[in-house]
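Single-structure report; data block below.
Bear in mind that the values in this text are calculations on the coordinates, not laboratory data. Here the structure is a predicted model, which is why all the values come from computation and not from measurement. No Cβ is skipped: glycine too gets one built from the backbone with ideal geometry, and neighbour counts run over all protein chains shown.
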Amino acid sequence: PVMMNRNFRFSPGFLISKIKLRNAIKKFHPDAVHLQDHLFIARAVQKIANEMNLKTVGTNHFAPENFLHYLNFLVVGKSQIKKYAQRNLVNFLSKLDIVTTPTKMAADLLKGMGFSKPVIPISCGIDFKQFNPGRKGQYLKDRYGIANKKIILYVGRLSPEKNLDAVMMAFQLAYKEIHNLHLVLAGAGRKLMHLK
């Protein structure tokens, strides 16, 4: 766990056994590897995949802006850290065969950082057996005392980078016009008490 955010975890580079990684990849014998970040394990796997002539796909979920608020203790230097993080990300992704992002906006952000290769926006999948518009969820409304109104629902981390303050302000504006609304925020995270 990272001290600034106990829900965020990462593996420091010196703890990674590249021999074990290489052996695991050889044993599994994939046609390609799919990397979900650009940190230590992903970097090691990318190098091994390159040595083994495996195709590499990377889905970028990272935006430097999303971690800068964790550095509020810094008086200066945030803009330099942001530029370094962007260059670091672009450099890593440039080595991959295919790059995807969950949204077109995220793809555009990568382009804005100077990433010049094609980026394919591919939405994260939804399990329609579990998340089905036909299931009205009345039992959840009853359980949590949610009024029988139109619901605006957010499910995810309650973290600063999710900008939930803006969601709540937008809800207040919408509520002035449409009183038949209810906002539900479901999740846990650093901003839980602030949002309450």
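What is the extension gain from His34 to Leu15, computed as 0.36 nm multiplied by their sequence separation minus the C-alpha to C-alpha distance, in nm to one decimal?
Length difference between fully extended and current span is 4.7 nm.
With the Cα gyration tensor of region 77-144 giving a ≥ b ≥ c as the square roots of its eigenvalues, does the rule (a/c under 1.5 for rounded; else a/b larger than b/c for prolate; else oblate) give rounded, prolate or oblate?
prolate
Taking the Cα centre as origin and putting +1 on Lys and Arg beta-carbons and -1 on Asp and Glu beta-carbons, what dipole magnitude results for region 94-160, to the nearest 20 debye?
280
Just to be sure I understand the model, the point goes 7 Å from the Cα along the line to the Cβ. What's the resulting His182 to Ser123 distance in nm?
Here the answer is 2.5 nm between the modelled labels.
When the Kirkwood hydrodynamic radius is evaluated over all pairs of different C-alpha atoms of the chain, what value in angstrom, to one decimal, is obtained?
Mean inverse Cα-Cα distance, inverted, gives 20.1 Å.
Based only on the alpha carbon positions, what is the Kirkwood hydrodynamic radius of region 8-124, in angstrom?
Hydrodynamic radius (Kirkwood, Cα only) of region 8-124 equals 15.4 Å.
Could you work out [θ]222 nm for the chain from helices alone, using -39500 (n - 2.57) per DSSP H run of at least four and dividing by all its residues? Round to the nearest 500 deg cm²/dmol.
Computed ellipticity for the chain at 222 nm equals -11500 deg cm²/dmol.
Just from the alpha-carbon atoms, what are the Rg and Dmax of region 120-196 in angstroms?
14.3, 41
Counting only C-alpha contacts under 8 Å and six or more residues apart, can you give the relative contact order of the chain as a whole percent?
15
Students often check this: by mean Cβ neighbours within 10 Å, which of 52-61, 149-158 ranks highest, and how do the rest follow?
Ranked by mean Cβ neighbours within 10 Å, highest first: 52-61, 149-158.
Assuming R0 = 41 Å, what is the FRET efficiency of Lys26 and Lys136, from their Cβ-Cβ distance, to the nearest 0.05?
E(calc), rounded to 0.05, equals 0.25.
Antiparallel versus total DSSP beta bridges in the chain: what percent is that, nearest 5?
Restricted to the chain, the bridges split so that about 5 percent are antiparallel.
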